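The values are calculated or read from the model by the stated rules, or taken from the named source; none is laboratory data. Note that the structure is a prediction, hence the values are computed from the model and not measured. Don't worry about glycine lacking a Cβ; one is built from the backbone with ideal geometry, like all the others, and counts go over all protein chains shown. Areas reflect the complete protein model, heavy atoms only, side chains present, ligands, DNA and RNA absent. Shrake-Rupley method; radii C 1.70, N 1.55, O 1.52, S 1.80 Å.
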Amino acid sequence: MTGKNIAGELLTQKRAGVLIPLFSVYSKDTFGSADFSDLKLAIDWAKDTGNSILQLLPMNEMGQTFCPYDALSSFALEPLYLSFSGLPLLKDKSIKRQIENLKKDPPLSARFVDYAFKEEKMRLLREIFLMSPGLDSQECAAFKNKNSYWLNDFVLYKTLKNFHQGAAWYEWEGKFKNRDKFSLDKFIKEHTQETDFQVWLQWQAYKQFKQARDYANRRRILIKGDLPILISRDSSDAWAHPEFFKLEFSAGAPPDMYCAKGQRWGMPTYNWERIAADDYKYLKEKLKFAETFYDILRIDHVVGLFRIWSIPYGEPLDNQGLNGSFDPVHESEWGTHGRKILEVVQASTGMFLCAEDLGVIPKVCTDTLRDLKIPGNDVERWVKDWSIKHDFLNPQDYRKLSVTMLSTHDTTNWAAWWENEAGTVDEALIIRKCSDHRQIGFERVKDNLFDASRSKHARLRWREEIDSVDKLIKGLSSCRKQNTRRSDTAGCLHPFQEETIPAEHLKDFIDLYENSYHEKEKLWKHLGLSGAMRENCNAEIMQAALKFDLAANSLFCINTIFDWLYLAGLLDGDAYQYRINTPGTVSNKNWSLKIPIPLEELMKHKVTGEIKKMVAASGRI
């Protein structure tokens, strides 16, 4: 199936898929983290489970935090994913012995990837490179020519970064930071071996990833890639083309009911006027490169193409996304701005486009995606009638033009949501709302309205007896600070006559309450489960949730490998610990979570057949 005819075919039949971060899986031959050989095993498992789509997270080379959405390049691939088995010189006894020794540490059974192994893998890859024939082949020349738009800049950037011991490009001395041509030419001549090594790494990664994609096509598995909307401030893109970025701003998201302070991601926003003036070549080249590996492309944070939350770079980090503003500023410009970019994307690629449209989405974004036939995302926990019924939608009411899922790489897995978040509100958000002009005492609110014994992980669960909006208003009014005590003219304190806060002044609290109180009980009914609602998740509840999702009207249903594996009883302990990423945090537990068994064992596990039966019963392919 070629990119040019895939769109029409994909719109005609409902499909099932699985999201597998490559770092999360491994085989018995893996060293440290999965590689492109393991990707072929993941493709086999997708086929064995009846899924026809395998979704990956961004595969670009990562920076010091190993976040795939904060990459060093929009193009360059992560060399960690190189498979030793796909490289030359594997017959060399010294190389083979070193590879076997490296496989012993770190242990494959570790729950998280220890990225410290990258240094050792790079050392061995360098040794293999030095023993290789070189870069004089016609095949390598063709690779360099095809990728000339970005390759030379990235190779030079990476060599300079290593020369500066990992320092960001904007911390380099002026002649390198500002790309003085004479100084760069001299540097290249003095560091030819290192620049050649960086070319070789990208060439080998390109070949191995392309081979994995070809293997997927032979097995009739579609690869869904991910195009991050943003790129790291410390990236070859920003260094080579600073004119395409607004480096004085940091992108993020405004405060909402899930993140009280909003989010600050750190990446610069785009200068779309300058990109447009260059006929969008930067964007078109990204798409051309991605098309080598993917059949379907996920456009990350698509609303950011319409308007992006921009935070002044000098804003204190503790404020996160509080003090930002949208760019473009005027809402009247958003529709034209986003539509133009998406039309350029569609005209420039044969990949089938999907869009991540989660969060507060302006109508112009939703309308444009519908007009252009680009599916958005429907995450079960958020697919509701938020304004009238305050209840979940039935599967047949999901958007047809959507990708449905139980959870994402940025959320808790579904079991953790069920046990810890469903029926709750964010504590930080309640604190912020209590401390505004209404002057409501948070500690009293927490004691009077929420059940401490059933609240954890900074989520507050409503007391059962707060079973109406009237009781909510009364409870909030009793916690108002000026409703406590007053002093008379003689200075004596007396009880203050309680004043009820008007409902129109508490609309935000009421909205939170109506969409979270007894949320679990509501979903329990939709899932068709019998008996009293159970607080803890188990395989029966998880299976009901997955079947509900598979039954959705949505074009695609793509769930994470961790949601699927909960069926197998392989995730021990608190489900909350199995999280791919916690937005707004930097931790060695982000982007490093691994499945508990190697892929070879997973393919033999009974859950593989159970998943296949569920997918087949749903009518999806």
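Entry remark, the stretch 53-67: residues being in contact with a Leu (Cβ under 6 Å, 6 or more places away or on another chain) and buried (at least 22 other Cβ atoms within 10 Å of the Cβ) number 4 in total. All conditions but one from (1) more than 30 Å from Ile621 (Cα to Cα); (2) in contact with a Lys or Arg (Cβ under 8 Å, 6 or more places away or on another chain) apply to Gln193; the one that does not is (2). Being in contact (Cβ under 8 Å) with a residue 12 or more places away in the chain, closer than 18 Å to Leu80 by Cα and open to solvent by 20 Å² or more (accessible area, probe 1.4 Å) is a property that Gln198 lacks. Only one of the listed residues (Gly573, Gly584) is open to solvent by 10 Å² or more (accessible area, probe 1.4 Å), touching a residue at least 24 places away in the same chain (Cβ under 8 Å) and within 30 Å of Phe66 (Cα to Cα). That residue is Gly584.
Kindly indicate whether any position in the stretch 74-90 is closer than 24 Å to Thr582 by Cβ, among the small types (Gly, Ala, Ser) and touching a strand residue (DSSP E or B) at 6+ places or on another chain (Cβ under 8 Å). I'd like the intermediate steps shown before the answer.
Step one: filter the stretch 74-90 for residues closer than 24 Å to Thr582 by Cβ, giving 78, 80-81.
Those left that are additionally among the small types (Gly, Ala, Ser): none.
No: zero hits.
Among residues of the stretch 245-271 being crowded, with 21+ Cβ neighbours inside 10 Å and aromatic (Phe, Trp, Tyr), the one that is modelled with the lowest pLDDT is Trp265. Put simply, of Lys40, Lys96 the only residue that is part of a helix (DSSP H, G or I), at pLDDT 95 or above and over 30 Å from Arg264 (Cα atoms) is Lys40.
Within the stretch 150-162, residues that are open to solvent by 20 Å² or more (accessible area, probe 1.4 Å) reach partners that are assigned to a helix (DSSP H, G or I) with beta carbons closer than 6 Å, at six or more positions or on different chains, in the pairs Asp153/Ser236; Asp153/Ala240; Lys158/Gln198.
Residues checked against (1) of a type in the set (S, T, N, Q); (2) at pLDDT below 95; (3) surrounded by 18 or more Cβ atoms within 10 Å (Cβ to Cβ):
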position: Lys474; (1), (2), (3): no, no, no
position: Lys481; (1), (2), (3): no, yes, no
position: Arg485; (1), (2), (3): no, yes, no
position: Thr500; (1), (2), (3): yes, yes, no
position: His505; (1), (2), (3): no, no, no
position: Asp508; (1), (2), (3): no, no, no
position: Trp524; (1), (2), (3): no, no, yes
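The condition (being open to solvent by 20 Å² or more (accessible area, probe 1.4 Å), farther than 23 Å from Asn323 by Cβ and out of contact with any Lys or Arg (no Cβ under 9 Å at 6 or more places or on another chain)) is satisfied by just one residue among Lys281, Lys286: Lys281. What are the residues in the stretch 551-570 that are open to solvent by 10 Å² or more (accessible area, probe 1.4 Å) and either acidic (Asp, Glu) or more than 18 Å from Gly376 (Cβ to Cβ) (or both), if any? Ala551, Tyr566, Leu567, Ala568, Gly569, Leu570 - these are the residues of the stretch 551-570 that are open to solvent by 10 Å² or more (accessible area, probe 1.4 Å) and either acidic (Asp, Glu) or more than 18 Å from Gly376 (Cβ to Cβ) (or both). I'd like to check something: does the stretch 121-137 contain any residue that is surrounded by 14 or more Cβ atoms within 10 Å (Cβ to Cβ), closer than 23 Å to Ala240 by Cα and not hydrophobic (A, V, I, L, M, F, W, C)? Looking through the stretch 121-137, none of the residues is surrounded by 14 or more Cβ atoms within 10 Å (Cβ to Cβ), closer than 23 Å to Ala240 by Cα and not hydrophobic (A, V, I, L, M, F, W, C).
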